[in-house]
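Asker: To start, I am sharing the structure in question, which I have written as structure tokens.
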Amino acid sequence: MSLDQKLADDLITAAIGAMGRAYAPYSKFPVGAAILDEDGAIHVGANVENAAYPVGNCAEASAIAAMIMAGKHKIMKIAVAGGDGKMLCTPCGACRQRIREFAALDTPVLICDPNGFRVQFSLETLLPESFGPEHLS
Ligand code: THU
């Protein structure tokens, strides 16, 4: 197995593990996310819902917060785990933009679920013609 494949496997395992920690009593749709940062460390997050529905957090937002609190600022790869493989659990629009803040356009976004389902997109595929930090520099 190549190092790249091993990193992808580790990231997917971490995202599926994080999915198990989701707090999703309202949607009953647990999501986990795992970020590989610029130094090879992994940061995880899960969705955290709230009785006041719009206040809930997505898994990607939680993982980004964990990365920032660890002092890291680059997403080299991100895995998102959710659903049952019948439909892709791709990041919502807001989370695509959240990822965009810290990732290059060719960053791999791995979508997976606990049943072995996997598919990979680049960030640019998910968020074409995007607006990012360089627009403000
Ligand atoms: N969810 C995420 O955590 N990430 C996404 O990108 C898509 C949606 C969560 C939000 C909510 O807790 C549940 O999935 C159902 O929408």
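The values are calculated or read from the model by the stated rules, or taken from the named source; none is laboratory data. What you see is a predicted model; the values in this text were computed from it and never measured. Because the Cβ atoms are built from the backbone with ideal geometry, glycine has one as well, and the counts that use them run over all protein chains shown. Keep in mind that these areas ignore ligands, DNA and RNA; they rest on the heavy atoms of the full protein, side chains included. Shrake-Rupley method; radii C 1.70, N 1.55, O 1.52, S 1.80 Å.
Asker: In the list Glu60, Glu49, which residue meets the criterion of being within 10 Å of the ligand (Cβ to nearest atom) and surrounded by 21 or more Cβ atoms within 10 Å (Cβ to Cβ)?
Answerer: Glu60
Asker: If I filter the stretch 1-14 for residues that are open to solvent by 50 Å² or more (accessible area, probe 1.4 Å), of a type in the set (A, V, I, L, M, F, W, C) and at pLDDT 95 or above, do I get at least one hit?
Answerer: No, every residue in the stretch 1-14 fails to be open to solvent by 50 Å² or more (accessible area, probe 1.4 Å), of a type in the set (A, V, I, L, M, F, W, C) and at pLDDT 95 or above.
Asker: So in the stretch 79-131, with the set limited to residues that are more than 11 Å from the ligand (Cβ to nearest atom) and of a type in the set (Val, Ile, Thr), which one is most open to solvent (accessible area, probe 1.4 Å)?
Answerer: Going through the qualifying residues, I end up with Thr125.
Asker: Picking from Pro30, Pro133, Pro108, which residue would you name as being within 23 Å of Gln5 (Cα to Cα) and modelled with pLDDT of 95 or more?
Answerer: Only one candidate passes the filter, namely Pro108.
Asker: Among (1) at pLDDT 95 or above; (2) more than 15 Å from Leu123 (Cα to Cα); (3) more than 12 Å from the chain's Cα centre (by Cα), there is one condition Met19 misses while meeting the rest; what is its number?
Answerer: (3)
Asker: Among the residues of the stretch 27-34, is there at least one that is more than 19 Å from Phe117 (Cα to Cα), of a type outside the set (Val, Ile, Thr), in contact (Cβ under 8 Å) with a residue 40 or more places away in the chain and within 15 Å of the ligand (Cβ to nearest atom)?
Answerer: No, the conditions are met nowhere in the stretch 27-34.
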